[in-house]
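Quick one: this structure, given as structure tokens, is what I'll be asking you about.
What follows is calculated from the coordinates using simple rules that are stated; it is not laboratory data. In this text, all values refer to a predicted model and were calculated from it rather than measured experimentally. Methodologically, a virtual Cβ is constructed for each residue, glycine included, from the backbone with ideal geometry; neighbour enumeration extends over all protein chains shown.
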Amino acid sequence: MKRPALSLVLIGLFSLSAVSWVVAAEKEATKSESSKAVATFSASGDRLLNAVKYLAADEQEGRGVGTKGLDRAGDYIAAQFKKLGLKTELFDGKPFQTFTMQTGAELGPKNEAALVNTGKEGKKLVLKLGTDFNTLSLGGSGKFDLPLVFVGYGITAKDEKYDDYAGIDVKDKAVIVMRHEPQQNNPHSAFNGTQTSPYAPYVRKISNAYEHGAAAVIFLTDDYDIQQRVEQARKRWLQAIDELTEATEKFKKIEKPTQAQTEEFRKESIKLTEAIGRYSKTLEDEYDPMVTFKGAGPGGESTRIPVIYVRRTALAEMAQDALGTDLAAIEREIDKGPTPHSRELKNWRLQGEVTVKRTEAQVKNVVGVLEGSGPKADETVVVGAHYDHLGYGGEGSFVPNAKEIHNGADDNGSGSAALLEVAALMAQQQGKLSRRVVFIAFTGEERGLIGSARYCKEPLYPLDKTVAMVNMDMVGRLTDNKLIIQGVDTAKEFDVIIDGLNKRFDFKLTKQPGGFGPSDHSSFYSQKVPVMHFFTGTHKEYHRPSDDVELINVDGMKRIAEMVAETTLAIAQADARPSYLESKRPAAAMGGGGNRPYFGSIPDFAQNEPGYALMGAAKDSPAEKAGMKAGDIIIKLGESRIGNLEDFDSALRKYKAGDKVVVVVKRGGKEVPLTVTLDPPR
């Protein structure tokens, strides 16, 4: 059935510059209707599947930064660009924008520290690596013999009228800094109350110390955090004991247990006993926790000042001698205001040396170009996808202790394959494009959007002439026909083109607002380039070794590649460039869950219904044990009403590990209460 003409309906609602978008959308739709909904572009499922198979093969080593497999993947993409007839002699005759990036940090050969009293007693407290202190990868290497200054939480907060560095000189000294922030149990505190404030991260505190002239940083756990951790661990430990006791009493009541009943109880008791042992060890560790070498983050700049983490017990004697009281008492005094209680530790110095070895690798963005012709040929549309992944796991993996190849078929073998397919489809327009189209396979996305940030810093073509960026990240697992496009609100014309095209493609479309998010489009939007990000959602294989090619929905990828190609064509051929809009939605958080208890839900970003929608629950998580399923929508957690993911995160932070919380989910139109027993943070 032929649809009504859009242009007549919308011409009065848009500026003249937007009308061309309506016309372009109509032209594309008209082409399809005349051929009974056959796409203007017809993608190849075989090409897509072959590309994913190559990129996600074990030989590519998970395309981790620093691996030969990542280089092979880049070479493969470059060869495909050249085969398609794209212009690839771009950087000294090659398609590679090469640069060096840090691949990791390792503990160096010499790491020693001592607290030395230079007064009459001349006492030296030698700290043992791994027992009393750890070097942190966030810091740099160096020898030190420095005076010591206690600076509380190490916070300078102008708006909150709080400054631990006010009135005290820390230049060329080592500062002792407590984790987190004041008044953590006060919901009315200026520091976000019971939620972690922006001043809490390690990197923020290190930067503040560095800005004030400090030459080294000593971190220690604050007493409030210790008490909370101990209480959570104790509660979960005792609960495991109760579960074993309950199971034992239940078994005892069976007068003549069968072999099957006995075997069932034996297995259950072993499992519960092992759990008691784990929680017991956790409890022991929480009384004075130690942060590991990479526990505060994967690594900082090589020029950073030395940073170490020291147990409170190792600092207790020095604190009592120099401050005349214990650290917990000072913490309570700070909380009363909050009022800083920074002071020098007279006669005490930090002596020693730490070494942090940093490894680097040369990496490359891969670029291919289709030139435009005519008066708009100097304007550029970028189509991108990252081709790196997690290699053999480690940082970023949801199974960080397993050294296995993470093939990343969906993340982002799918996006890279779709990028090649869009390039193949667009190559059909060689010589017909009004604007230049630049295809970029980015590296270093998993390390923090490094490749796209590098391109935006050193663009091949000026960013002020880059009219749009279309990104694809995880487009290989289309489920229930649900497609997510973020950033449609970053240009006023994007809604028109997407709505027009989707009348034929007929995706169950979720248009998420905002130009910022955890993928490469963010780098461009930060430079005021309108963006669209295509995404089919997270799943239980995300950032796990199980993200393999067998799970890819090739037909779904084919349709998405066609839609992206037609979207790109419409942008490239429009009379006017897209009109950039600044999104009212804040940048998406990039960080982790902090110290909140572990729940184990997998979000469904394609769901628009009020509440927190789930794609499922992680294996053996509290959510799975409580009976949560894919399709559930959490609408209440305890006494808190839940309208979205942010509401859920905020509500969850009100609880501790071991707490039993009633969670209400909508399932099949009914409200179902489920009881969740929260686990310690992971």
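Greater than 26 Å separation of Cα atoms is the criterion. Which listed pairs, LYS376/LYS503; LYS465/LYS508; LYS508/LYS670; LYS540/LYS660, meet it?
Going by Cα-Cα distance, LYS376/LYS503; LYS465/LYS508 fall outside the 26 Å limit.
Putting +1 on Lys and Arg Cβ atoms and -1 on Asp and Glu Cβ atoms, find which of ILE254, TYR202, ALA190 reaches farthest to the positive end of the dipole of the stretch 165-260.
ILE254
Return a whole-number percent for the relative contact order of the stretch 226-286, with Cα pairs under 8 Å and 6 or more residues apart as the contact set.
Reported relative contact order: 62 percent.
Just want the answer: with Cβ charges of +1 for Lys and Arg and -1 for Asp and Glu, which residue in PHE144, TYR279, LEU86 is farthest toward the dipole's positive end in the chain?
Going by the charge dipole, the pick is LEU86.
Order of ARG332, ARG504, ARG477 from fewest to most other C-beta atoms within 10 Å?
Ranking ARG332, ARG504, ARG477 by Cβ neighbours within 10 Å, fewest first, gives ARG332, ARG504, ARG477.
Simple spin-label model, 7 Å along Cα-to-Cβ: ASP495 to ARG266 in nm?
The modelled label-to-label distance comes out at 6.7 nm.
I've got another one for you. Can you work out ³J(HN,Hα) from phi for every residue in the stretch 671-680, in order, using Karplus 6.51 cos²θ - 1.76 cosθ + 1.60 and θ = phi - 60°, giving whole Hz and x for Gly and Pro?
Using θ = phi - 60°, the values come out as 8, 10, x, 10, 9, 10, 9, 6, 9, x Hz.
On full extension of the chain, what length is gained from ALA576 through LEU551, given 0.36 nm per residue of separation minus the C-alpha to C-alpha distance?
Working it through step by step, the gained length comes to 5.0 nm.
Starting from the eigenvalues of the Cα gyration tensor, five times each then square-rooted, give me the equivalent ellipsoid semi-axes of the stretch 226-286, largest first, whole Å.
Numbers: eigenvalues 176, 23, 5 Å².
Sorted largest first and rounded, they come to 30, 11, 5 Å.
Using alpha-carbon pairs under 8 Å, 6+ residues apart, how would you state the relative contact order of the chain in percent?
It rounds to 17 percent for the chain.
Can you tell me the dipole magnitude for the chain around its Cα centre, using point charges on the Cβ only (Lys, Arg +1; Asp, Glu -1), in Debye to the nearest 20?
580 debye
Angle between the Cα long axis of helix 259-286 and the longest principal axis of the chain, 0 to 90 degrees, nearest 10?
Orientation of helix 259-286: about 70 degrees from the principal axis.
Measure of size requested: the Rg and Dmax of the stretch 404-546, with Cα atoms as the atom set and Å as the unit; please supply both.
Looking at the stretch 404-546, its Cα Rg and Dmax stand at 15.3, 46 Å.
Could you please tell me the mean projected area of the C-alpha convex hull for the stretch 479-539, averaged over all directions and given in square nanometres to one decimal?
If I average the Cα hull's projected area over directions, I get 4.2 nm².
Next question. Measuring from the lowest to the highest alpha carbon on each principal axis, how far does the chain reach, largest first, in angstroms?
Largest first, the chain extends 90, 73, 51 Å along its Cα principal axes.
Could you tell me the relative contact order of the stretch 42-121? Use alpha-carbon pairs under 8 Å, at least six residues apart, and round to a whole percent.
13 percent
Follow-up. What nm value, rounded to one decimal, do you get for the distance between SER640 and GLU112 when each label is placed 7 Å out toward the C-beta?
A separation of 4.9 nm, rounded to one decimal place.
Can you list the aspartates and glutamates whose alpha carbon sits under 20 Å from that of LYS124, skipping same-chain ones fewer than 8 residues off?
Candidates past the 8-residue exclusion: GLU112, ASP132, ASP145, GLU317, ASP321, ASP326, GLU344, GLU353.
Can you list residues from other chains, or at least 5 along the same chain, whose modelled amide H is less than 5 Å from the amide H of ALA296?
SER137
Quick one: Karplus J couplings for the stretch 211-225, per residue in order, coefficients 6.51, -1.76, 1.60, θ = phi - 60°, nearest Hz, x for Gly and Pro?
Each residue of the stretch 211-225 in turn: 4, 8, x, 5, 9, 6, 10, 10, 9, 9, 6, 6, 5, 4, 5 Hz.
Using only the alpha-carbon atoms, how far is helix 45-55 inclined from the longest principal axis of the chain? Give it as 0 to 90 degrees, nearest 10.
The angle comes out near 30 degrees.
Can I ask one more? For the chain, find the longest principal axis of its Cα atoms and tell me its angle to the long axis of helix 16-34, 0 to 90°, nearest 10.
The answer is roughly 70 degrees.
Could you work out how much longer the chain between ASP326 and ASN185 gets when fully extended? Use 0.36 nm per residue separation minus the Cα distance between them, nm to one decimal.
48.7 nm
With just the Cα atoms defining each centre, how far is the stretch 120-166 from the stretch 260-284? Give it in Å.
41 Å
As a footprinting exposure proxy, order MET615, MET472 by other Cβ within 10 Å, with the fewest listed first.
Fewest-to-most Cβ neighbours within 10 Å comes out as MET615, MET472.
Checking a compactness column here: for the stretch 359-423, what do you get for Rg(Cα) / (2.2 N^0.38 Å), N being the number of residues?
Here the answer is 1.56, to two decimals.
Would you mind estimating how fast the stretch 601-677 diffuses translationally, via Stokes-Einstein at 25 °C and 0.890 mPa s with the Kirkwood radius over Cα pairs, in µm²/s?
In µm²/s, the coefficient is 201.
ASN50 to LEU125: extension gain in nm, 0.36 nm per residue of separation minus the Cα-Cα distance?
The ASN50-LEU125 span can extend by a further 20.8 nm.
With only Lys, Arg, Asp and Glu charged, each at its Cβ (+1 for the first two, -1 for the last two), find how big the charge dipole of the stretch 148-206 is about the Cα centre; round to the nearest 20 debye.
On the way: 7 positive and 7 negative charges, 27 e Å.
In total the dipole reaches around 140 debye.
Most exposed first by the Cβ proxy, i.e. fewest other Cβ within 10 Å, how do HIS341, HIS386 rank? Display every interim value, and only then the final one.
Numbers: HIS341 19, HIS386 29.
Ordered by Cβ neighbours within 10 Å, fewest first: HIS341, HIS386.
Using 18 Å as the Cα-Cα cut-off, could you pick out the over-long pairs in LYS511/LYS636; LYS205/LYS294; LYS123/LYS346; LYS364/LYS528? Please report the intermediate quantities before stating the final value.
Values: LYS511/LYS636 25 Å; LYS205/LYS294 16 Å; LYS123/LYS346 13 Å; LYS364/LYS528 24 Å.
Violating the 18 Å limit, Cα to Cα: LYS511/LYS636; LYS364/LYS528.
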